[in-house]
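Here's the structure, in structure tokens; my notes come after.
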Amino acid sequence: MSAETARRQATDGPPAWQQALAAAIRDPAELLRALDLDPALLAGAHHGARLFPLRVPWGYVRRMRRGDPADPLLRQVLPLDAEAADTPGFIEDPVGDAQSLVGGGVLHKYRGRALLIATGACAIHCRYCFRRHFPYAEENAAVHRWQGALAYLRERPDIQEVLLSGGDPLSLSDRRLQDLAAALDGIPHLRRLRVHSRLPVVLPERVDDALLAWLAGGRLRPVLVLHANHPAELDAAVADAVARLRGAGVALYNQAVLLRGVNDQVDTLEALGERLFELGVQPYYLHLLDRVRGAAHFEVPEREARALMRALAERVPGYLLPRLVREDAGRPWKTPVDWTRDRNGDDAE
Ligand SMILES: *Cc1c(COP(=O)(O)O)cnc(C)c1O
Ligand code: SF4
């Protein structure tokens, strides 16, 4: 932590981002009021929120259009009746996390990379989240000062990269993350520290000096994968946060989930790529929805996803094309989806 940040904390209490996090909206009625939305939406919102609570920071709500129930940012956070639907094929653990847990809150699926479930907490609750049913209380790497996870990593010289995920790892305090980063620094076979987080997008205040100190101040090469799904998420405050990360030498990528009613139009995907480029962020993955129970209404069929990719490829340079992938339980990589042909194997055009 920099001297300046330490001084600020000593004088003003918790950092600004923790105050913003604590003030996040959790009451569906308050969200509807803030956006001038029809109170008739309230019953469904309460119903959905009983399955997975509402949580959204004010700064994110301010990027939504007032009075528009179809706003693409609102859709990502507003609980709905539809989440109670039991759709065949939509299950609790669609990506096979349970079978990849190796203890200590570590998921080890892919060669050379291990993922730490750093916490179950998030700054925002995304309705499509594939870990909405994950047993965070039992599988959480931060307990016992990371000892279980660190022991696992120390014994595996083939692991080069540690991913911090969750939940959202950046919802933890910098003190805990600093502890972890320092311990990882001391494991000689590790090379990269990768953070997957939605916080720089939904709560850009999070990117302060204290964060940059542990993320980019050590021996490991820092990588941050943002999770932005729509260009309207990337406002000026987010651009500032991203500029601070870039200035500290953090390699920046973005992954998105293809979501019905959020980013299922080629214009939106094009604008997302262009905006990411302005910010200096490389589009990485575009995920097909993981088929988690309660999220069926977000699904874009694979055939439509392929057509969208073909349309996008006609418009943007290759470096702004994300890789369309699907996560199949038990596979040693994210499955690339070939969008150059349609389902019959014929060339599309
Ligand atoms: C997605 C994922 C990774 C990272 O995969 P990349 O293709 O390297 O981005 C690593 N571990 C787990 C368990 C994952 O689910
Ligand atoms: S884990 Fe990620 S996708 Fe799931 S609720 Fe948290 S921030 Fe959203």
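The values are calculated or read from the model by the stated rules, or taken from the named source; none is laboratory data. Since the structure is predicted, the reported quantities are computational estimates derived from the model, not experimental observations. Cβ placement follows ideal geometry from the backbone for every residue including glycine, while neighbour counts extend to all protein chains displayed. Protein only, heavy atoms only, side chains kept; ligands, DNA and RNA dropped before computing areas. Shrake-Rupley method; radii C 1.70, N 1.55, O 1.52, S 1.80 Å.
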**Request:** May I ask you to list pairs of residues, at least six apart or on different chains, whose Cβ atoms are under 7 Å apart, with the first in the range 244-256 being within 12 Å of residue 285 (Cα to Cα) and the second being of a type in the set (Phe, Trp, Tyr)?
**Result:** 253/284; 254/284; 255/284; 255/285
**Asked** Across the range 230-280, which residue is most open to solvent (accessible area, probe 1.4 Å) among those that are of a type in the set (Asp, Glu), away from ligand 2 (no atom under 16 Å from the Cβ) and assigned to a helix (DSSP H, G or I)?
**Response** 278
**Prompt:** Scanning for something assigned by TED's automatic domain parsing to the domain that holds residue 133, within 16 Å of ligand 2 (Cβ to nearest atom) and open to solvent by 10 Å² or more (accessible area, probe 1.4 Å), does the range 316-325 turn up at least one residue?
**Reply:** no
**Prompt:** Can you name every residue in the range 289-303 that is under 23 Å from residue 342 (Cβ atoms), crowded, with 20+ Cβ neighbours inside 10 Å and among the hydrophobic types (A, V, I, L, M, F, W, C)?
**Reply:** 289, 298
**Message:** Being in contact (Cβ under 8 Å) with a residue 12 or more places away in the chain, buried (at least 17 other Cβ atoms within 10 Å of the Cβ) and either at negative phi or not in a helix (DSSP H, G or I) (or both): is that true of residue 306 here?
**Reply:** yes
**Fill in**
By residue number, the members of the range 123-145 that are in contact (Cβ under 8 Å) with a residue 40 or more places away in the chain and buried (at least 22 other Cβ atoms within 10 Å of the Cβ) are 123, 124, 126, 127, 128
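Quick grid of which residues meet (1) more than 25 Å from residue 195 (Cβ to Cβ); (2) of a type outside the set (D, E, K, R); (3) within 18 Å of the chain's Cα centre (by Cα):
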{"site": "56", "(1), (2), (3)": "no, yes, yes"}
{"site": "66", "(1), (2), (3)": "yes, no, no"}
{"site": "87", "(1), (2), (3)": "yes, yes, no"}
{"site": "92", "(1), (2), (3)": "yes, no, no"}
{"site": "95", "(1), (2), (3)": "no, yes, yes"}
{"site": "102", "(1), (2), (3)": "no, yes, no"}
{"site": "106", "(1), (2), (3)": "no, yes, yes"}
{"site": "109", "(1), (2), (3)": "no, no, no"}
{"site": "114", "(1), (2), (3)": "no, yes, yes"}
**Item:** residue 59 modelled with pLDDT of 95 or more, more than 16 Å from ligand 1 (Cβ to nearest atom) and on the phi > 0 side of the Ramachandran plot
**Value:** no
**Request:** Return a yes/no flag: does the range 136-149 have any residue that is within 15 Å of the chain's Cα centre (by Cα), aromatic (Phe, Trp, Tyr) and assigned to a loop (DSSP other than H, G, I, E, B).
**Result:** no
**Asked** Residues that are hydroxyl-bearing (Ser, Thr, Tyr) and more than 16 Å from ligand 2 (Cβ to nearest atom): which helices (runs of 4 or more DSSP H) entirely in the range 58-125 hold 1 or more of them?
**Response** 97-100
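Listed here are the residues, each with its yes/no results for (1) touching a Pro at 6+ places or on another chain (Cβ under 8 Å); (2) acidic (Asp, Glu); (3) more than 30 Å from residue 91 (Cα to Cα).
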| position | (1), (2), (3) |
| --- | --- |
| 137 | no, no, no |
| 141 | no, no, no |
| 152 | no, no, no |
| 156 | no, no, yes |
| 160 | no, no, yes |
| 170 | yes, no, no |
| 182 | no, no, yes |
| 186 | no, no, yes |
| 195 | yes, no, no |
**Request:** Please go through the range 206-229 and pick out each residue that is within 14 Å of residue 60 (Cβ to Cβ) and part of a helix (DSSP H, G or I).
**Result:** 206
**Asked** Within the range 90-122, how many residues are away from ligand 1 (no atom under 14 Å from the Cβ) and open to solvent by 50 Å² or more (accessible area, probe 1.4 Å)?
**Response** 2
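Filtering the range 191-205 down to residues that are part of a loop (DSSP other than H, G, I, E, B) and more than 14 Å from ligand 1 (Cβ to nearest atom), which residue is surrounded by the fewest Cβ atoms within 10 Å (Cβ to Cβ)? Reasoning before the result, please.
Let us first name the residues in the range 191-205 that are part of a loop (DSSP other than H, G, I, E, B), namely 191, 198, 203.
Within this subset, residues satisfying the condition of being more than 14 Å from ligand 1 (Cβ to nearest atom) are 198, 203.
Numbers: 198: 25, 203: 28.
Restricting to residues being part of a loop (DSSP other than H, G, I, E, B) and more than 14 Å from ligand 1 (Cβ to nearest atom), the top hit is 198.
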**Prompt:** Do you know which residues across the range 209-227 are open to solvent by less than 30 Å² (accessible area, probe 1.4 Å) and either in contact with an Asp or Glu (Cβ under 8 Å, 6 or more places away or on another chain) or within 16 Å of ligand 1 (Cβ to nearest atom) (or both)?
**Reply:** 210, 211, 214, 220, 222, 223, 224, 225, 226
**Request:** Among the residues of the range 150-186, write down those that are over 20 Å from residue 225 (Cα atoms) and either within 16 Å of ligand 2 (Cβ to nearest atom) or not in a helix (DSSP H, G or I) (or both).
**Result:** 155, 156, 157, 158, 186
